[in-house]
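Since the structure comes first, as structure tokens, the remarks are kept for the end.
Derivation of every value follows stated rules applied to the coordinates shown; laboratory data play no part. What you are looking at is a predicted structure, and each value in this text was computed from that prediction instead of being measured. Glycine gets a Cβ as well: all are built from the backbone with ideal geometry, and neighbour counts include every protein chain shown.
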């Protein structure tokens, strides 16, 4: 079903595809509350929703030409926001090391990329 909002977003998508940055800015303004709410739902206290939303908009801008149906912009953006937020959450995971097996916890210095057998 075609709504006035989806038609309005579709016309902005078409303008943004032609290089109109103000049109993309209007897309951001109209969808940012939804995008922030979704990122917050996914990330909670595990990350910064604003960073995820910003990255999602950058991805959307770069891939605007991949969107088949301009009227589906809002749902397409939702999927991008959720994917980016999940990626941020995955990267923010903390790995806990058991300390009871060792006298001192292993520490990586700036030059090390992986644990050595002596550190495990």
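Put simply, the Cα atoms of the range 4-91 extend 36, 23, 21 Å along their principal axes, the longest span coming first. Centroid-to-centroid, using Cα positions, the range 7-25 and the range 30-86 are 17 Å apart.
In this simple spin-label model, placing a label point 7 Å from the Cα along the Cα-to-Cβ direction at both residue 22 and residue 46 gives a separation of 4.1 nm. Ranked for footprinting exposure by Cβ neighbours inside 10 Å, fewest first, 69, 51 give 69, 51. Between residue 33 and residue 68, the FRET efficiency estimated from the beta carbon spacing at R0 = 41 angstrom works out to 0.95.
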